[in-house]
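As structure tokens, the structure follows; a few thoughts come after it.
The values are calculated or read from the model by the stated rules, or taken from the named source; none is laboratory data. Note that this is a predicted model, so its numbers are computed, not measured. Here the Cβ is made from the backbone with ideal geometry for all residues, glycine too, and neighbour counts use every protein chain on show.
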Ligand SMILES: [Zn+2]
């Protein structure tokens with residue numbers, strides 16, 4: 001369980017289910033997945049006998065192999081308060097439950113909590129995380145160091161706030177300059193580390209806590225580094241009113257980011273629930289992606305994202321746990337909430353016709369679409385030859401209502417079970433680049 005040392009080639013026999021880059025879903029009832037000593041997938045094919053494999057085959061049946069989940073939105077310091085504060089609105093919840101926790105997330109707290117956080121993500125089946133740290137640069141370093149040691153694929157950013165910040169000790173005249181300088185230094189240290197497994201995201205929290213200067217300068221720095229730029233967009237009614245008050249010249253919420261140069265293919269916006277048709281059009285034209293966080297949107301009563309309509313408009317959408325706005329660091333739980341939100345939209349008559357997502361669409365959203373949102377679909381997000389071996393092994397028996405009475409399930413029913421009866425221990429192993437991650441219980445010596 002380490003990210004260092006040689007990578008052992010794998011030959012895994014199991015049921016293999018994956019979205020395909022060319023479209024559709026591959027479901028091999030009895031398949032073989034092989035990886036090389038560089039952590040890449042050599043091939044995925046039906047089982048034809050052990051003689052075909054270059055290394056000793058690990059027979060994982062009845063486990064199921066899936067691509068690792070991609071979590072496009074999570075807050076590392078917030079994990080201890082996951083599930084707390086139900087019934088509050090976003091801004092009250094931030095003040096009461098979140099800002100105190102983020103304020104306390106100094107280097108020593110991050111050193112203690114971040115390794116456990118990465119293990120918790122891996123235990124939930126997540127192999128790639130786009131995360132916010134706190135405003136402190138040294139605890140962001142600690143979060144990166146923990147990810148480097150753990151082996152998970154992580155894109156992290158120090159939170160930037162130059163107004164309404166929880167750092168009461170800083171000189172207001174210097175906060176913009178220091179936040180930019182600290183983020184610049186972190187990006188220089190971490191962006192692209194370990195062959196691109198670790199990357200940096202400039203992270204202005206949201207327009208409520210960022211000046212126009214901070215938004216513009218952080219976007220310029222992100223371009224300079226070739227790094228990501230992440231923030232929140234149009235999550236909650238109270239927040240939208242506040243943005244309108246703070247940016248009276250902006251034509252809408254998106255415009256605050258658009259005029260800062262924040263739209264582009266490496267920008268990820270979390271939530272984006274209450275967009276006008278014009279905002280949707282400009283967001284799509286700008287090539288930016290959205291992290292859909294339905295578990296959080298329901299927990300904080302932020303709203304119901306019209307996902308099917310956004311997808312029909314060409315928006316690139318992946319999934320985010322938004323832990324702790326979302327109560328679980330699990331993309332399976334996020335998918336479940338996503339289905340509930342889409343069904344609720346049907347009840348309100350706001351669902352797009354023919355827009356219902358099938359379980360296989362949700363699998364794609366949580367894997368290949370998330371990878372695509374990050375511009376990484378050429379290397380992760382599906383189990384296909386040539387890609388890096390980021391995958392998970394799941395015990396589907398744990399999801400059945402009557403243990404020991406498993407019935408053969410077709411692709412959609414299997415995925416529906418995994419989404420709606422997610423078991424906390426069902427992820428038995430997770431690998432990034434063919435290396436097993438700490439967190440899941442593991443499988444013998446290989447995972
Ligand atoms: Zn968030």
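For the residues 260, 250, 222, the requirement of being part of a loop (DSSP other than H, G, I, E, B), more than 30 Å from residue 339 (Cβ to Cβ) and touching a strand residue (DSSP E or B) at 6+ places or on another chain (Cβ under 9 Å) singles out 260. Restricting to the range 195-219, name every residue that is away from the ligand (no atom under 16 Å from the Cβ) and either more than 27 Å from residue 379 (Cβ to Cβ) or in a loop (DSSP other than H, G, I, E, B) (or both). 197, 211, 212, 213, 214, 215, 216, 217 - these are the residues of the range 195-219 that are away from the ligand (no atom under 16 Å from the Cβ) and either more than 27 Å from residue 379 (Cβ to Cβ) or in a loop (DSSP other than H, G, I, E, B) (or both). Exactly one residue out of 363, 347 is surrounded by 21 or more Cβ atoms within 10 Å (Cβ to Cβ) and more than 16 Å from the ligand (Cβ to nearest atom), and it is 363.
Tell me, yes or no, whether the range 42-50 has at least one residue that is under 17 Å from residue 367 (Cβ atoms), surrounded by 13 or more Cβ atoms within 10 Å (Cβ to Cβ) and in contact (Cβ under 8 Å) with a residue 60 or more places away in the chain. Yes, the range 42-50 contains at least one residue that is under 17 Å from residue 367 (Cβ atoms), surrounded by 13 or more Cβ atoms within 10 Å (Cβ to Cβ) and in contact (Cβ under 8 Å) with a residue 60 or more places away in the chain. All conditions but one from (1) within 16 Å of the ligand (Cβ to nearest atom); (2) surrounded by fewer than 17 Cβ atoms within 10 Å (Cβ to Cβ) apply to residue 356; the one that does not is (1). If you check residue 235 against the conditions, is it closer than 25 Å to residue 280 by Cα and either modelled with pLDDT under 95 or part of a loop (DSSP other than H, G, I, E, B) (or both)? Answer is yes for this residue. Candidates are the residues of the range 315-327 that are at pLDDT 95 or above and part of a loop (DSSP other than H, G, I, E, B); the one that is farthest from the ligand (Cβ to nearest atom) is 315.
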